[in-house]
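Peer 1: Handing you this structure, nothing more for now.
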Amino acid sequence: MEGVEHRTVEVNGIKMHVAEKGEGPVVLFLHGFPELWYSWRHQILALSSRGYRAVAPDLRGYGDTEAPVSISSYTGFHIVGDLIALIDLLGVDQVFLVAHDWGALIGWYLCMFRPDRVKAYVCLSVPLLHRDPNIRTVDGMRAAYGDDYYISRFQKPGEIEAQMAEVGTEYVLKNILTTRKPGPPIFPKGEYGTAFNPDMPNSLPSWLTEDDLAYYVSKFEKTGFTGPLNYYRNLNLNWELTAPWSGGKIQVPVKFITGELDMVYTSLNMKEYIHGGGFKHDVPNLEEVIVQKDVAHFNNQEAAEEINNHIYDFIKKF
């Protein structure tokens with residue numbers, strides 16, 4: 001990662017670690033769970049070499065960014081507040097946004113709350129979660145998939161952390177990052193077990209080196225998983241707080257990219273929503289939907305070059 005600069009900045013009352021490289025229009029990268037700025041290593045190099053300033057923070061609770069203790073300090077509003085302060089610090093009015101998984105969810109909130117700050121959005125894996133005014137987010141997921149669906153299991157503070165501690169940080173990260181199992185992740189009762197990935201390979205896939213995994217492990221061994229898990233623990237609170245935006249439309253230009261094996265794409269009626277007109281209704285400026293053949297959830301790492309080109313081809317139009 002030669003030439004990538006690291007600094008710590010004060011945003012919204014917390015210290016945030018930011019990696020950046022290049023000069024030009026800002027591309028802001030938001031990682032997902034359980035990841036870090038490092039998930040964008042390929043994109044940072046590719047976009048900075050094409051005349052952009054690539055900026056990838058560790059989000060609140062992750063890596064070298066501060067992790068407030070209170071669970072309720074991890075709502076969508078807190079995270080978007082961090083990002084608006086970061087954009088202000090970068091000295092720009094608008095950014096190109098690229099986000100994946102939980103980062104994508106936060107990306108939708110950023111586009112919802114402050115569309116004036118986003119020029120265009122390349123969204124990976126998680127489409128806009130259409131707000132059902134009749135049922136809270138987690139309650140809806142629990143009704144669909146039960147108490148052992150991973151998001152149901154993540155709700156009780158301390159419980160899943162203890163189960164993750166039993167198998168160890170390296171096992172958890174390898175288990176999640178290597179999963180290619182489509183459909184909703186359902187955990188074994190009372191333990192982490194094989195969790196996301198019953199077919200966990202002994203060796204790593206070609207796109208994830210031992211050094212890559214070791215970097216993730218080194219950071220999560222320091223921080224633990226509580227900060228990241230607190231995002232899930234605010235899904236119902238986010239549902240309550242975003243009531244004023246219920247039925248509102250996202251007006252930012254969007255390109256959406258997912259892998260055909262992605263666990264999100266293959267659960268929660270996502271395919272129907274994405275391809276059946278619902279997504280386009282909620283996001284009128286959705287310009288393109290790409291489904292990558294034989295690619296799973298972590299498409300920014302697994303299909304890095306393809307994703308790099310998709311990002312560049314979209315943002316260069318603006």
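Peer 1: Could you count how many residues in the stretch 66-79 are part of a helix (DSSP H, G or I) and either among the charged types (D, E, K, R) or open to solvent by less than 10 Å² (accessible area, probe 1.4 Å) (or both)? Step through it out loud before you land on a result.
Peer 2: Initial filter on the stretch 66-79 (part of a helix (DSSP H, G or I)): 71-74, 76-79.
Within this subset, residues satisfying the condition of being either among the charged types (D, E, K, R) or open to solvent by less than 10 Å² (accessible area, probe 1.4 Å) (or both) are 74, 76, 79.
Number of matching residues: 3.
Peer 1: If I go through the stretch 290-307 residue by residue, how many of them are out of contact with any helix residue (DSSP H, G or I) (no Cβ under 7 Å at 6 or more places or on another chain) and closer than 16 Å to ASP101 by Cβ? Don't jump to the end; show me each part of the working.
Peer 2: If we filter the stretch 290-307 for residues that are out of contact with any helix residue (DSSP H, G or I) (no Cβ under 7 Å at 6 or more places or on another chain), which is where we start, we get 291, 293-294, 297, 302-303, 305-306.
Still in the running and closer than 16 Å to ASP101 by Cβ: 297, 302-303.
Selection size over the stretch 290-307: 3.
Peer 1: Of all residues being of a type in the set (S, T, N, Q) and either in contact with a Ser or Thr (Cβ under 7 Å, 6 or more places away or on another chain) or at pLDDT below 95 (or both) in the stretch 217-260, which is surrounded by the most Cβ atoms within 10 Å (Cβ to Cβ)? Just the residue, please.
Peer 2: First, pick out the residues of the stretch 217-260 that are of a type in the set (S, T, N, Q): 218, 223, 226, 230, 234, 236, 238, 242, 246, 251, 258.
Subsequent filtering for residues that are either in contact with a Ser or Thr (Cβ under 7 Å, 6 or more places away or on another chain) or at pLDDT below 95 (or both) retains 234, 236, 238, 258.
Values: ASN234: 22, ASN236: 15, ASN238: 21, THR258: 27.
Ranking the qualifying residues of the stretch 217-260, first place goes to THR258.
Peer 1: Please verify whether LEU45 is farther than 23 Å from CYS123 by Cα, open to solvent by 10 Å² or more (accessible area, probe 1.4 Å), aliphatic (A, V, I, L, M) and modelled with pLDDT of 95 or more, treating the condition exactly as stated.
Peer 2: Working: farther than 23 Å from CYS123 by Cα: no; open to solvent by 10 Å² or more (accessible area, probe 1.4 Å): yes; aliphatic (A, V, I, L, M): yes; modelled with pLDDT of 95 or more: yes.
Taking the combined requirement at face value, the residue does not satisfy it.
Peer 1: Check whether at least one residue in the stretch 150-164 is of a type in the set (Val, Ile, Thr), touching a strand residue (DSSP E or B) at 6+ places or on another chain (Cβ under 6 Å) and open to solvent by less than 10 Å² (accessible area, probe 1.4 Å), and report yes or no. I'd like the intermediate steps shown before the answer.
Peer 2: We begin by selecting, within the stretch 150-164, every residue of a type in the set (Val, Ile, Thr); these are 151, 160.
Still in the list and also touching a strand residue (DSSP E or B) at 6+ places or on another chain (Cβ under 6 Å): none.
Taking every residue of the stretch 150-164 in turn, none turns out to be of a type in the set (Val, Ile, Thr), touching a strand residue (DSSP E or B) at 6+ places or on another chain (Cβ under 6 Å) and open to solvent by less than 10 Å² (accessible area, probe 1.4 Å).
Peer 1: Something else about it: With respect to ALA214, is the statement that it is open to solvent by 30 Å² or more (accessible area, probe 1.4 Å) and either touching a strand residue (DSSP E or B) at 6+ places or on another chain (Cβ under 7 Å) or within 29 Å of PRO68 (Cα to Cα) (or both) true? I'd like the intermediate steps shown before the answer.
Peer 2: Details: open to solvent by 30 Å² or more (accessible area, probe 1.4 Å): yes; either touching a strand residue (DSSP E or B) at 6+ places or on another chain (Cβ under 7 Å) or within 29 Å of PRO68 (Cα to Cα) (or both): yes.
So ALA214 passes the test.
Peer 1: Return yes when GLU166 is farther than 27 Å from LEU110 by Cα, in contact (Cβ under 8 Å) with a residue 40 or more places away in the chain and more than 18 Å from the chain's Cα centre (by Cα) and no when it is not.
Peer 2: On the way: farther than 27 Å from LEU110 by Cα: yes; in contact (Cβ under 8 Å) with a residue 40 or more places away in the chain: no; more than 18 Å from the chain's Cα centre (by Cα): yes.
The answer is no for GLU166.
Peer 1: Moving to a separate point now. When you scan the stretch 57-65, do you find a residue that is open to solvent by 20 Å² or more (accessible area, probe 1.4 Å), of a type outside the set (S, T, N, Q), more than 21 Å from GLU2 (Cα to Cα) and part of a loop (DSSP other than H, G, I, E, B), even just one?
Peer 2: To start, the set of residues in the stretch 57-65 that are open to solvent by 20 Å² or more (accessible area, probe 1.4 Å) comprises 64.
With of a type outside the set (S, T, N, Q) added as a condition, the list becomes 64.
Adding the requirement that they be more than 21 Å from GLU2 (Cα to Cα) leaves none.
The answer is no; no qualifying residue exists.
Peer 1: Continuing with the same structure: Return yes or no: is ALA54 surrounded by 24 or more Cβ atoms within 10 Å (Cβ to Cβ), in contact with a Leu (Cβ under 7 Å, 6 or more places away or on another chain) and within 13 Å of TYR231 (Cβ to Cβ)?
Peer 2: no
Peer 1: Being hydroxyl-bearing (Ser, Thr, Tyr) and open to solvent by less than 30 Å² (accessible area, probe 1.4 Å) is the filter here; which residues of the stretch 170-207 pass it?
Peer 2: THR178, THR179, TYR192
Peer 1: What are the pairs, 6+ residues apart or on separate chains, where a residue within the stretch 25-42 that is among the small types (Gly, Ala, Ser) has its Cβ under 6 Å from a residue that is part of a loop (DSSP other than H, G, I, E, B) and at pLDDT 95 or above?
Peer 2: Listed pairs, sorted by first residue: GLY32/ASP101; SER39/HIS31.
Peer 1: Could you say which residue among ASP82, ASP132 is open to solvent by 50 Å² or more (accessible area, probe 1.4 Å) and either more than 27 Å from ASN197 (Cβ to Cβ) or in a helix (DSSP H, G or I) (or both)?
Peer 2: Numbers: ASP82 fails: open to solvent by 50 Å² or more (accessible area, probe 1.4 Å).
Just a single option satisfies the conditions, and that option is ASP132.
Peer 1: Just give me the residues in the stretch 261-290 being touching a residue at least 12 places away in the same chain (Cβ under 8 Å), open to solvent by 60 Å² or more (accessible area, probe 1.4 Å) and over 18 Å from TRP108 (Cα atoms), in sequence order.
Peer 2: Correct list: HIS275 only.
Peer 1: So, of the residues in the stretch 1-21 that are assigned to a loop (DSSP other than H, G, I, E, B) and free of Cβ contacts under 8 Å to residues at least 60 places away in the same chain, which turns out to be surrounded by the fewest Cβ atoms within 10 Å (Cβ to Cβ)? Before the answer, list the steps.
Peer 2: Of the residues in the stretch 1-21, the ones assigned to a loop (DSSP other than H, G, I, E, B) are 1-4, 12-13.
This time we only want the ones that are free of Cβ contacts under 8 Å to residues at least 60 places away in the same chain, so: 1-4, 13.
Values: MET1: 12, GLU2: 5, GLY3: 10, VAL4: 17, GLY13: 12.
Ranking the candidates gives GLU2 first.
The values are calculated or read from the model by the stated rules, or taken from the named source; none is laboratory data. What you see is a predicted model, and the numbers here were worked out from it, not measured in a lab. A quick note on method: Cβ atoms are made from the backbone with ideal geometry, for glycine too, and the neighbour counts reach across all protein chains shown. Note: areas computed on protein heavy atoms with side chains; ligands, DNA, RNA excluded. Shrake-Rupley method; radii C 1.70, N 1.55, O 1.52, S 1.80 Å.
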